[in-house]
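> Below is the structure I would like to discuss, written out as structure tokens.
The values are calculated or read from the model by the stated rules, or taken from the named source; none is laboratory data. Predicted model only: the values in this text are computed from it and were never measured. So basically every Cβ, Gly included, is an ideal-geometry build from the backbone, and we count neighbours across all protein chains shown.
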There are 2 protein chains.
Amino acid sequence: MFFTSSPAYTIFIRLKFSNLPGMLGNITSVITKMGGEVRGINLVETSKTWVVRDIHVNVRDGAHAKEIIREISSINGVSVEFVSDRTFLAHLHGKLEVVSKRKISTTEDLARLYTPGVGRVVKAIEKIPDIAFTYTIKSNTVAIVTDGSAVLGFGNVGPYAAIPVMEGKAAILKEFAGVNGFPICLATQDIDQIVSIVKAISPVFGAINLEDISAPRCFEVERRLQEELDIPVMHDDQHATAIIVLAALLNSLKIVGKSFSDIKIVINGAGAAGIATTKLLLKLGIKNIILCDKKGAIGRDGENALNDYQVDVAQYTNPDNYKGDLKGALKGADVFIGLSVGNILKGEDLRFMEKDAIVFALANPIPEVDPLDAERYARIVATGRSDFPNQINNALVYPGFFKGVLNVRAKKIVDDMKIAAAYAIANLIDDSELYEEYIIPSIFDQRVVNAVSDAVATIAIREGLIRSLEQLKDISEF
Amino acid sequence: MFFTSSPAYTIFIRLKFSNLPGMLGNITSVITKMGGEVRGINLVETSKTWVVRDIHVNVRDGAHAKEIIREISSINGVSVEFVSDRTFLAHLHGKLEVVSKRKISTTEDLARLYTPGVGRVVKAIEKIPDIAFTYTIKSNTVAIVTDGSAVLGFGNVGPYAAIPVMEGKAAILKEFAGVNGFPICLATQDIDQIVSIVKAISPVFGAINLEDISAPRCFEVERRLQEELDIPVMHDDQHATAIIVLAALLNSLKIVGKSFSDIKIVINGAGAAGIATTKLLLKLGIKNIILCDKKGAIGRDGENALNDYQVDVAQYTNPDNYKGDLKGALKGADVFIGLSVGNILKGEDLRFMEKDAIVFALANPIPEVDPLDAERYARIVATGRSDFPNQINNALVYPGFFKGVLNVRAKKIVDDMKIAAAYAIANLIDDSELYEEYIIPSIFDQRVVNAVSDAVATIAIREGLIRSLEQLKDISEF
């Protein structure tokens, strides 16, 4: 595999040691001897007998950091209080802030933003509740809801460990699309409770982003919330992934000159993302899809399925009712889409795919197949990684998608919005620019957010899904 | 009453009218003739036949605005699209933003703040959940929870109309104390549901601020959450009010030279704030308190009480078991504390109070008694209003209080913290500065937040209520 250990990084070591001449010199020379590079030394606290200092050290990797710390700890009179690094420090006290859009410096500010002024807005919303979409953060705020059951590739880590990921989502929503997101990390994994809690907290939000909830529970949670709430509800892991896969597929097919009606697609991993992607591709008229999971290909009759959702979607797939393993399914396939786990295929397993094969190996951080290996057998290869061409990342989708539904106060999300978003992303790459290693825009391509939000909003308007606000024509009554 | 209508304010009128020469002149001359002052005209949209313009007009009050708008509407070819004013515009799209503390401009930023870097923080918190207090917004974020049942003086306006108030609270928390607050406006008023929802969403928060929940339900909600959560839970309307009343009382008693053991206090309004204030004053050893509500004085035996909570607290009050009306109760009282509704007493109703009477008429926006009227009978008068000396506002308390408990990761709130906070606020005014019209610091006195937070944190440390963090000594394992 080409994946080396993470690049050299800086660690921050807080040491408490005897306040004796030469101690600091001892410590730094130990670090240097071990191959660490001392980049800075700060004084934290001192007394007559001891001193606390932070030492910044460049190291090669985690193992190297560990060796250095062990060696320092063994120096007589030195204790290691705390060790951190850039990644952990970037998370210190969290990545988000809730700030006031307006300064509060005078009694007049307070009277306008709080009592008595706020009372007039309260009365207006009490009379016409939809006015909350104009005069509160409901206009532009998404709940990022998880139960911590399927966080990144780590599985059921619980609501506390899920917080940094939800904060990251919120940070991306704001930085990329100007949308407010707030983490709701639930200390329950009961479907009924999740549904009733999200309904109860929904008044302050303009949309609900479900996140990292394990399949198949995520399907029921999403369906019920979509039925019972009058604001858009989207499970990101399903639909943002399906959309970005579709966008990448649209451009890949252009390059290889194949069309939806002729291709055979194999999708591995029939979880949240796999099922949503299959459904979206079916919607576009693709007939020959084989969906595989742990037991192998899921039969059209539901054989090898692990749950009812898999049975349900499988009946529209697998026209030849193939029931063997993944490798067998790949025979004659034009497209492989991996939404499963790392390192399950070798490059040569792709050798019986059709000519001009397209391989999306999206497991993170380790793809289903080493992309360099895959390139020997496939014409187009994409992964979820930022250190390889063609990064298929759902962060290309959700900021613009939520911006779009919020901008027009959409009441719900429909499949046509997802399809429009995929085309909008794909079309950002001009035919003249398109080639095997540029099938999808960069995550930092600033055109993406507005392309997606405009596409989504246009469908919402066309389908009559927008909320027309009863305007407050006469504020003088409040 | 000295309260005049609100001062002159600027309204924003959006007009659509025929694109004919002279129309704009017609409109502005109508406004001027009506006594309005045109302050600005903006073009919004135009076509060959019509034009949309915003006109900013200074008016005297709401009624005046209404007259002007009616007159403009009657001009042939003019339609009023929308009317707003400074207060409503200050609320446009809400008062809060959720922002990223760090810019995300490069792949490296993303790798550190999101995948794969965030995965290391996830694993660390999964192993040691308390580390969420170091590496997530839990360290510094308060849920501002309401069910919309007792919002400002308006009562049960529901969760949507409550949003602007909760946003205001969050804005104040951030602007005054640097603490993040986020509005949780619940679409349920069922006690069991409120308790279970707040528990379920608690992982991301370091403290819970209950807000504008009606009495007596607020007492049970608070008690149960305090029992079942391991983070501080405080119902602001109760305790922040009790604390600021105590602070004002401490300084008032200094001025008049009376002590806790000798005084008679009458409290009107045995709701959330009234009961909490009574309990806090009892805690300080004040024996002679008469608590009054709609039926009059609540007997020591519970007569005239409206609920069990009133019965419960009343048994420690009213030593002479007085059961008449409020005016009778005031006879011989040293202190009146109004936490009820506006305009229920005349100045002369205070005439049988003791010499050097202290009157806190805190109903908002209209005090229980006109303060100018009250001054003829009382030595010290305070209200909740910013346009009168001695504004007793709980915004002096809660920013610093939450900052204090968060700073030391307190597990719970105890009465000694409240008492310490009150003394800290009172003591900011030096004896040499203290006089009848300066018993409490200004809400913009920047010393207040740290005085309160230090006092609260000191008690938390003294009482062993702080969470000692298991530090992440070795980040290299993640």
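Okay, residues lined up against (1) closer than 26 Å to B:Arg409 by Cβ; (2) surrounded by fewer than 24 Cβ atoms within 10 Å (Cβ to Cβ); (3) hydroxyl-bearing (Ser, Thr, Tyr):
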| residue | (1), (2), (3) |
| --- | --- |
| B:Leu89 | no, yes, no |
| B:Ser105 | no, yes, yes |
| B:Pro129 | yes, yes, no |
| B:Lys138 | yes, no, no |
| B:Phe154 | no, yes, no |
| B:Pro159 | no, no, no |
| B:Ile172 | yes, yes, no |
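> Here's another thing I want to ask about it. Select from the range B:178-197 the residues that are surrounded by fewer than 24 Cβ atoms within 10 Å (Cβ to Cβ) and either under 22 Å from the mean Cα position of the chain (by Cα) or not in a loop (DSSP other than H, G, I, E, B) (or both) and list them in ascending order.
Matches in the range B:178-197: B:Gly178, B:Ala187, B:Thr188, B:Gln189, B:Ile191, B:Asp192, B:Gln193, B:Val195, B:Ser196.
> Here's another thing I want to ask about it. Assuming A:Ala333 fulfils every condition listed in (1) outside any loop (DSSP other than H, G, I, E, B); (2) surrounded by 18 or more Cβ atoms within 10 Å (Cβ to Cβ); (3) among the hydrophobic types (A, V, I, L, M, F, W, C) apart from one, which condition is it?
So A:Ala333 meets the others, but not (1).
> If I filter the range B:336-371 down to residues being of a type in the set (Asp, Glu) and part of a loop (DSSP other than H, G, I, E, B), which single residue comes out as nearest to the chain's Cα centre (by Cα)?
Here the answer is B:Glu368.
> Across the range A:70-122, what is the total count of residues that are more than 7 Å from chain B (Cβ to nearest Cβ), farther than 30 Å from A:Ala171 by Cα and out of contact with any Lys or Arg (no Cβ under 6 Å at 6 or more places or on another chain)?
11
> Another question about this same structure. Criterion first (facing chain B (nearest Cβ under 7 Å), closer than 18 Å to B:Ile197 by Cβ and crowded, with 24+ Cβ neighbours inside 10 Å) does A:Pro164 satisfy it?
Considered against the rule, which asks whether it is facing chain B (nearest Cβ under 7 Å), closer than 18 Å to B:Ile197 by Cβ and crowded, with 24+ Cβ neighbours inside 10 Å, A:Pro164 comes out as no.
> Taking A:Glu303 and the conditions (1) part of a helix (DSSP H, G or I); (2) surrounded by fewer than 18 Cβ atoms within 10 Å (Cβ to Cβ), which numbered condition does it fall short on, given that it satisfies the others?
It is condition (1) that A:Glu303 fails.
> Now for a separate question. Residue by residue through the range A:192-228, note down the ones that are in contact (Cβ under 8 Å) with a residue 60 or more places away in the chain and within 12 Å of chain B (Cβ to nearest Cβ).
Once the filter is applied, which keeps residues that are in contact (Cβ under 8 Å) with a residue 60 or more places away in the chain and within 12 Å of chain B (Cβ to nearest Cβ), the range A:192-228 yields A:Pro203, A:Val204, A:Phe205, A:Gly206, A:Asp212.
> So A:Ala451 clears everything in (1) of a type outside the set (Lys, Arg); (2) more than 12 Å from chain B (Cβ to nearest Cβ); (3) surrounded by 24 or more Cβ atoms within 10 Å (Cβ to Cβ); (4) over 17 Å from the mean Cα position of the chain (by Cα) except one condition, right? Which one?
Of the numbered conditions (1) of a type outside the set (Lys, Arg); (2) more than 12 Å from chain B (Cβ to nearest Cβ); (3) surrounded by 24 or more Cβ atoms within 10 Å (Cβ to Cβ); (4) over 17 Å from the mean Cα position of the chain (by Cα), the odd one out for A:Ala451 is (3).
> Can you say whether A:Asp293 is surrounded by 20 or more Cβ atoms within 10 Å (Cβ to Cβ), modelled with pLDDT of 95 or more and either within 24 Å of the chain's Cα centre (by Cα) or β-branched (Val, Ile, Thr) (or both), as far as the supplied structure shows?
When the stated conditions are applied, A:Asp293 passes them.
> Just checking, does the range A:202-219 include any residue being among the β-branched types (Val, Ile, Thr), within 22 Å of A:Tyr309 (Cα to Cα), surrounded by 24 or more Cβ atoms within 10 Å (Cβ to Cβ) and more than 16 Å from the chain's Cα centre (by Cα)?
no
> Can you tell me which of (1) under 30 Å from B:Leu281 (Cβ atoms); (2) hydrophobic (A, V, I, L, M, F, W, C); (3) part of a loop (DSSP other than H, G, I, E, B) is the one B:Leu225 doesn't meet?
Condition not satisfied by B:Leu225: (3).
> Identify, from the list B:Thr136, B:Thr188, the residue that is touching an Asp or Glu at 6+ places or on another chain (Cβ under 7 Å), within 9 Å of chain A (Cβ to nearest Cβ) and touching a residue at least 60 places away in the same chain (Cβ under 8 Å).
B:Thr136
> Where residues in the range A:142-161 are in contact (Cβ under 8 Å) with a residue 60 or more places away in the chain and facing another protein chain (nearest Cβ under 7 Å), which of them is farthest from A:Leu362 (Cα to Cα)?
Going through the qualifying residues, I end up with A:Val151.
> Out of curiosity, is A:Gly94 in a loop (DSSP other than H, G, I, E, B), of a type outside the set (Val, Ile, Thr) and crowded, with 16+ Cβ neighbours inside 10 Å?
Criteria met by A:Gly94.
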